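First the structure, in the form of structure tokens, and then the observations on it.
The values are calculated or read from the model by the stated rules, or taken from the named source; none is laboratory data. Treat the numbers as computed from the prediction; the structure is a model and nothing was measured. Every residue, glycine among them, receives a Cβ derived from its backbone with ideal geometry; neighbour counts consider all protein chains shown. These accessible areas exclude ligands, DNA and RNA; they are computed on the full protein's heavy atoms, side chains included. Shrake-Rupley method; radii C 1.70, N 1.55, O 1.52, S 1.80 Å.
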Amino acid sequence: MKNVINILFLCLCFTIFKAQQTTVPSIKYEELEKRIQQEKDKFLVVNFWSTTCAPCVKELPHFMEVNNRYANNPKFKMILVSLDRLVDKERVIKFIKNKNLTAEVILLDDIKRMNTWIPKFEKDWDGNIPVTIFYKNGEKVHFNDGEMSKEELENTITKNLQ
């Protein structure tokens, strides 16, 4: 019985390890925009965050719980867009491992052009994070400025994912 438990534990650890990213691509705004359009057949949750943003870090466990619940749904995708500086990329990778982030993480290396790309995502976005944008069929259906509760996140997904 002890051997069975040990084997199950190792399988679980391997699954968790495998689910986490070991590298984080750094991209510009145009690439992120293309990426969002490539996922137009899915209900897409795009969360803008940073490792140094307390409300961002606070809401991430809710996002991971919801992401894990929908992980096998081919019509669902979550992307976490880190706004950390490119020089802090290693810190982002360590953060992914320490916080068991299972959603895809991308580092948006385009801080100098924030005033250009922020209004393209949402005209009312003032640049603060966290921000979550929801897309259905490639079109924005909901914009959330600020921290999201698990209930708000679940309700928005349930309302739109069909």
* Asked: Can you tell me which residue in region 23-54 is most open to solvent (accessible area, probe 1.4 Å), limited to those that are small (Gly, Ala, Ser) and in contact (Cβ under 8 Å) with a residue 60 or more places away in the chain?
  -> SER26
* Which of the residues that make up region 78-97 are out of contact with any helix residue (DSSP H, G or I) (no Cβ under 9 Å at 6 or more places or on another chain) and within 22 Å of TYR29 (Cα to Cα)? -> VAL87, ASP88, LYS89, GLU90, ARG91, VAL92, ILE93, ILE96
* Across region 49-78, what is the number of residues that are of a type in the set (Gly, Ala, Ser) and at pLDDT 95 or above? -> 2
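So in region 104-142, with the set limited to residues that are among the β-branched types (Val, Ile, Thr) and part of a strand (DSSP E or B), which one is farthest from LEU83 (Cα to Cα)? Full working, then the answer.
The initial filter retains those residues of region 104-142 that are among the β-branched types (Val, Ile, Thr), namely 105-106, 111, 116, 118, 129, 131-133, 141.
Restricting the remaining residues to those that are part of a strand (DSSP E or B) gives 105-106, 131-133, 141.
Details: VAL105: 11, ILE106: 9, VAL131: 11, THR132: 13, ILE133: 15, VAL141: 22 Å.
Taking the candidates together, the pick is VAL141.
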* To do: Hey, could you check region 109-142 for residues that are buried (at least 20 other Cβ atoms within 10 Å of the Cβ), hydrophobic (A, V, I, L, M, F, W, C) and touching a Lys or Arg at 6+ places or on another chain (Cβ under 9 Å) and say which is nearest to GLU154 (Cα to Cα)?
  => PHE134
* Quick one: GLU151 ticks every box in (1) in a loop (DSSP other than H, G, I, E, B); (2) surrounded by fewer than 16 Cβ atoms within 10 Å (Cβ to Cβ) except a single one, so which number is it? => (1)
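Conditions (1) assigned to a helix (DSSP H, G or I); (2) open to solvent by less than 40 Å² (accessible area, probe 1.4 Å), marked per residue:
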position	(1), (2)
CYS56	yes, yes
PRO61	yes, no
MET64	yes, yes
ASN73	no, no
ILE79	no, yes
LYS89	yes, no
ILE96	yes, yes
* With respect to the numbered conditions (1) closer than 20 Å to GLU30 by Cα; (2) open to solvent by less than 40 Å² (accessible area, probe 1.4 Å), which one is the sole condition not fulfilled by GLY146? -> (1)
* Among (1) under 18 Å from the mean Cα position of the chain (by Cα); (2) among the charged types (D, E, K, R); (3) at pLDDT below 95, which single condition is ASP126 missing? -> (1)
